[in-house]
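Chemist: The structure follows.
The values are calculated or read from the model by the stated rules, or taken from the named source; none is laboratory data. Remember, it's a predicted structure, so these values are computed and weren't measured experimentally. Every residue, glycine among them, receives a Cβ derived from its backbone with ideal geometry; neighbour counts consider all protein chains shown. When the accessible area is computed, the model is the full protein with side chains, heavy atoms only, and any ligands, DNA or RNA have been set aside. Shrake-Rupley method; radii C 1.70, N 1.55, O 1.52, S 1.80 Å.
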Amino acid sequence: MVAKVLAAGLRGIEGVPVLCECDLSNGLPAFEIVGLPDASVKESRDRVRAAARNCGFDFPLRRITVNLAPADLKKEGPVYDLPILLGILAASGQIPPTQPTDCFLGELSLDGALRPGTGMLPMALAAQAQGARRVFLPAGNGPEASVAHGLQVMPCSHVRQLVEFLRGEGELAQAQPYQYVGAPPQGPDFADVMGQENVKRALEVAAAGSHHVLLIGPPGAGKSMLARRLPSILPDMAYGEALETTKIYSVAGLLEKGEPMVTSRPFRAPHHTVSAAGLSGGGRSPRPGEISLAHNGVLFLDELPEFRRDALEVLRQPLEEGVVTISRVAGSCSYPSRFMLVCAMNPCKCGYYGHPSGRCTCSDQAVRQYRQKISGPLLDRIDIHVQVPAVGYEALRDRRPAEPSAAIRQRVNAARQLQAERYRGAGIFCNAQLTPAMMARYCRPDPQGEQLMEAAFRSLGLTARSYDRVLKVARTIADLAGGGPIRAEHIAEAVQFRSLDQPIG
C-alpha cells in the first residue's frame, strides 16, 4: 500500500510543496528515503524508527520506501520527520489515510515530541497555495504559522496527541489567527541630538524617499548617533513588507520568541570584519546574509573604508536591483534585499581633515588615497553624501530639546503617502525605486531647475547614474514640500548632498 502525505520544503525564502509517498513491500527489512535528501533527511530513518517504538506504534518489519517529490528538489532539514512517520503509519493501517488538504511539518525527538523548526511560515504559505486548508506543526511554531491568513493552524506538542486526533479519539486546539498591528518605532530619538540640523535634514530626505546615505565627519561628530536614530523616523511598515521580512527572519531562525511577525523595520549594523558571505549570505546551504536581513529596513556600515573591498563590492548588485543571488555547489537561490544603506566614515585616515582645530596632518594625496578604499561605482550608487561637522560648544551647552522623531516622522509619512498615490499600480513604492523610463515622467525639473542641473553636471563631472540620483533626491525634497514640480531650490539642495563629487583641496 502507498500512503501520501503533504509536506513542504524551502527554496531560498520561498516554501515549496513536497509530497511524501510511503510504500511498504515484501522483502528483507529496509528503510530507504529517495528524492534527493541531504544527510539530515536521511537521518530521519533513525529518529522516525525510535519515535514510533517509544510511542507504542508497531514499526513494520518490511521494505519501506519513502519518496519525497518532486525528486529534483534538494530536501534539507528534519522537517520531513513527521510526514514520514505518518506516511508509514498510514501505509501500515495504524491510522486512516491523511487528507490531501492537510499538511504536516515538524522534527521528531526520539520520544515522539515535536521540536520547533525554522522556515515554518513560508512552508505554511506554500502549502496553502497548493490547496491545503490545515497545517499540523510543532506547538512552538504555532504563532508563527498563524500569520498565514485563511489557513487553519493546528499546533501539537507530541506525535501521540496528533495520532489520537487523526483517529478521531482526541481534540486539537486551533491557533488563533494573527492580527497584524504595526509597531511604533522603538529606540533612541532625534530629540537627543544637539545641533547637526543639516544632517538631520539629509536623513529626513533619505527616509522620505528611501535613499542611501553616506555620513562623512570627524570622530565624535555624532555620525553613529544620528544613524542609529534613523529607524525612529522611517515610515510605517505595510503588511506586505512585514510579511516578506518575516519570511526571511523565519528561514534564518531569528524570529523572537513571542513575536510571530517582524512589525518594525530592521536595523542591521555588522562589524567591519564581516566577510562577503556574511553580507550577501551563503554557506554550504545558502542562508540569508546581512543585506537580506536588512530588507525593508536599514543596513548601517560604520567605518566604511575599514570594510574589506570584496565585501563592499557585494553591495553593488543589490543596491541596483533589490535582489541578491547566491550560487553554491548545493544550489542557487535569490533573496530580496531592498534596504536603505547608511554608511559612516572619517574624512581621512587620522579623522580630522577639515576640523576647526587644524590637528589633521594628512596631505591632499593621503586624503584621496583613504577615500579610494571605497570604489567609485559604489559611491556613485549612494544618493546622499553629507558632511557631519564637529559639534560646537554653543550647541552642546544648549539643553533645549531638539525636534523629536515623531514630528519628523509625520512629514516622512506624508511624503511617502504622496509617492504611494503617485506610483499606485506601477510596482514601486518610493522615489528611490524609480526606473529610467519613469524618471522621464515624474522627475522633470522646471526651466530654472533644468539650467541649474546642467551647470552642476558640467562643473562636478557627474556620471549618468549620479545625475539620476540627484533628480530622485530632488523629487523627494519636492514631496516633502507638498509635492508639485521639481524647482531650482530642490535641485540646489539635492546637489548640495553630493559632497564627495566635489574636488579635494
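Chemist: Over what distance in Å are the Cα centres of the range 114-155 and the range 342-412 separated?
Modeler: 47
Chemist: Taking a Cβ-Cβ separation under 4.7 Å as the criterion for a possible partner, which cysteines of the chain have none?
Modeler: Here 20, 22, 55, 103, 156, 333, 343, 350, 360, 430, 443 come out as lacking a disulfide-compatible partner, given the Cβ-Cβ threshold of under 4.7 Å.
Chemist: With +1 on each Lys and Arg Cβ and -1 on each Asp and Glu Cβ, and nothing else charged, work out how big the dipole of the range 228-370 is about its Cα centre, in Debye to the nearest 20.
Modeler: Charge dipole of the range 228-370: 280 debye, to the nearest 20.
Chemist: Along the charge dipole of the chain, Cβ charges K/R +1 and D/E -1, which of 217, 191, 440 sits furthest on the positive end?
Modeler: Farthest towards the positive pole: 217.
Chemist: Another question, then. Using 1/(1 + (r/R0)^6) with R0 = 25 angstrom and r between the beta carbons of residue 323 and residue 284, what's the FRET efficiency to the nearest 0.05?
Modeler: E(calc), rounded to 0.05, equals 0.70.
Chemist: What is the gain in length, in nm to one decimal, between residue 413 and residue 197 on full extension, counting 0.36 nm per residue of separation less the C-alpha to C-alpha distance?
Modeler: Full extension of this stretch gives 75.8 nm more.
Chemist: Using a simple charge model, +1 on the beta-carbon of Lys and Arg, -1 on the beta-carbon of Asp and Glu, nothing else, what dipole does the range 195-287 show about its Cα centre, in debye to the nearest 20?
Modeler: Dipole of the range 195-287, to the nearest 20 debye: 320 debye.
Chemist: A follow-up question, please. Could you state the accessible area per residue of the chain in Å², with a 1.4 Å probe and every protein chain left in place? All intermediate terms of the calculation are to be shown ahead of the outcome.
Modeler: Working: 21950 Å² over 505 residues.
Spelled out: the 1.4 Å probe surface of the chain, per residue, equals 43 Å².
Chemist: Another question, then. How much of the DSSP bridge set in the chain is antiparallel, in percent, rounded to the nearest 5?
Modeler: Roughly 45 percent of the beta bridges in the chain run antiparallel, per DSSP.
Chemist: Excluding residues fewer than 8 places away in the same chain, name every one of the lysines whose C-alpha is closer than 26 Å to that of residue 223.
Modeler: Partners found: 200, 349, 373, 472.
Chemist: Additional query: Just from its helices, what would the mean residue ellipticity at 222 nm be for the chain, if runs of 4 or more DSSP H residues each count -39500 (n - 2.57) and the sum is divided by every residue, rounded to the nearest 500 deg cm²/dmol?
Modeler: -10000 deg cm²/dmol
Chemist: Report the net charge of residues surrounding residue 272, where surrounding means a beta-carbon distance below 11 angstrom and charges are Lys +1, Arg +1, Asp -1, Glu -1.
Modeler: Numbers: positive: 308; negative: 302, 303, 306.
That sum, taken over residues with Cβ under 11 Å, equals -2.
Chemist: Give the long-range amide H neighbours of residue 426: residues separated by 5 or more places, or on another chain, with amide H under 5 Å away, using H modelled in the peptide plane at 1.01 Å from N.
Modeler: Result for residue 426 returns nothing.
Chemist: Say the dipole of the range 1-146 comes from +1 at the beta carbon of Lys and Arg and -1 at that of Asp and Glu; which of 65, 25, 112 then lies farthest toward its positive end?
Modeler: So the residue we want is 25.
Chemist: If amide H atoms are built 1.01 Å from N in the plane of the peptide, which residues on other chains or at least 5 residues away come under 5 Å of the amide H of residue 16?
Modeler: Under 5 Å from the amide H of residue 16 lie the amide H atoms of 9, 10, 11, each far enough along the sequence or on another chain.
Chemist: Another question, if that's okay. Given 0.36 nm per residue, what is the gain on full extension from residue 454 to residue 313 after removing their alpha carbon distance, in nm?
Modeler: Answer, rounded to one decimal: 47.7 nm.
Chemist: Which percent of the accessible area of the chain is formed by carbon and sulfur heavy atoms (probe 1.4 angstrom)?
Modeler: Details: 11090 of 21950 Å².
Carbon and sulfur: 51 percent of the exposed surface of the chain.
Chemist: Follow-up. Taking a spot 7 Å from the Cα of residue 149 along the direction of its beta carbon, which residues of the range 251-278 have an amide N less than 18 Å from it?
Modeler: 260-264, by backbone N distance to the label point.
Chemist: For the range 195-296, take the alpha-carbon Rg, divide it by the Kirkwood Rh, and send me Rg/Rh.
Modeler: 1.01
Chemist: Still on this structure: Full extension from residue 53 to residue 439: what is 0.36 nm times the residue separation minus their Cα-Cα distance, to one decimal in nm? Could the numbers behind the result be given before it?
Modeler: Numbers: separation 386, 0.36 × 386 = 138.96 nm, distance 6.60 nm.
Stretched fully, the residue 53-residue 439 segment lengthens by 132.4 nm.
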